[in-house]
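Visitor: Before we start, here is the structure in question, set down as structure tokens.
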Amino acid sequence: MIVTTEYLGNQELLKLQKTAFLASSNIATETVLQVYDWATEMRSRGDCIISGFNSKLEQDVLHFLLKGKQPVILVLARRMYKVIPKELQEALTQNRLLIVSVSNAVRQSKNTAMMRNRWICEMANRILFIGVTEQSSLYALKNALNNKQKMITL
């Protein structure tokens, strides 16, 4: 399968220092609160966050970040939006959002999500994994990156 990467928004954001945020679907409540605090801090500092913003917690973080002014890179595991979601339009207009599509698939699948998450990790300077257990689809990726200097914790 030939994959073309498609960009919408400010591609200059790719040159910034980027922190990847990848969260499992099942998260402990106390961890959720820590992540909200982290997201608020990232928003205050203006750090560029790159993520698929797909899991519930990742979507919550995107919501926090969009209220700030810092740059955000949203990576889709499916083809580019035909219609930009309303909540993303203002950040796009402000030139602080880049939407990247790394798959031509109509819908996200387990394979396209894994491909997206690998792409995010390759692009990031630092990576924050949240709630990854042996049952998580992120487990293999986190283990593969485990010896790298990029990993950060809350």
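The values are calculated or read from the model by the stated rules, or taken from the named source; none is laboratory data. What you see is a predicted model, and the numbers here were worked out from it, not measured in a lab. Reconstructed Cβ throughout: ideal geometry from the backbone, glycine too, with neighbour counts over all protein chains shown. Keep in mind that these areas ignore ligands, DNA and RNA; they rest on the heavy atoms of the full protein, side chains included. Shrake-Rupley method; radii C 1.70, N 1.55, O 1.52, S 1.80 Å.
Visitor: What is the distance, in nm, between label points placed 7 Å from the Cα along the Cα-to-Cβ direction at T153 and at Y7?
Guide: About 3.5 nm, to one decimal.
Visitor: Quick one: Karplus J couplings for segment 60-69, per residue in order, coefficients 6.51, -1.76, 1.60, θ = phi - 60°, nearest Hz, x for Gly and Pro?
Guide: 4, 4, 4, 4, 4, 5, 5, 7, x, 10
Visitor: Students often get this wrong, so try it: which of (i) 1.31; (ii) 1.10; (iii) 0.97 is Cα Rg over 2.2 N^0.38 Å as calculated from the structure shown?
Guide: The calculated read-out lines up with (iii).
Visitor: Quick one: net charge around A77, please, counting Lys, Arg +1 and Asp, Glu -1 for every other residue with C-beta under 15 Å from its C-beta.
Guide: Surrounding charge for A77 is +3.
Visitor: Next question. How many angstrom separate the Cα center of segment 74-100 from the Cα center of segment 22-63?
Guide: The two parts, judged by their Cα centres, are 18 Å apart.
Visitor: Under 19 Å from a point 7 Å along the Cα-to-Cβ line of N146: which residues of segment 114-133 have their amide N that close?
Guide: Inside the label zone: 118, 121-122, 127-133.
Visitor: If you don't mind, there's one more thing I want to ask. Under 20 Å between C-alpha atoms is the cut-off here; go through the chain and count lysine pairs that meet it, provided they're at least eight residues apart or on different chains.
Guide: Final tally of qualifying lysine pairs is 15.
Visitor: Using the Karplus curve 6.51 cos²θ - 1.76 cosθ + 1.60 with θ = phi - 60°, what ³J(HN,Hα) values do you get for each residue of segment 123-128, in whole Hz, with x for Gly and Pro?
Guide: 7, 7, 8, 9, 10, 10
Visitor: Which percent of the accessible area of segment 1-80 is formed by carbon and sulfur heavy atoms (probe 1.4 angstrom)?
Guide: 49
Visitor: To the nearest 0.05, how large is the calculated FRET efficiency for N26 and N95 if R₀ is 35 Å and r is the Cβ-Cβ distance?
Guide: Efficiency, rounded to the nearest 0.05: 0.50.
Visitor: Would you please give the residues with an amide H less than 5 Å from that of I127, counting only those at least 5 places away or on a separate chain, with H modeled from the backbone geometry?
Guide: A20, M151, I152
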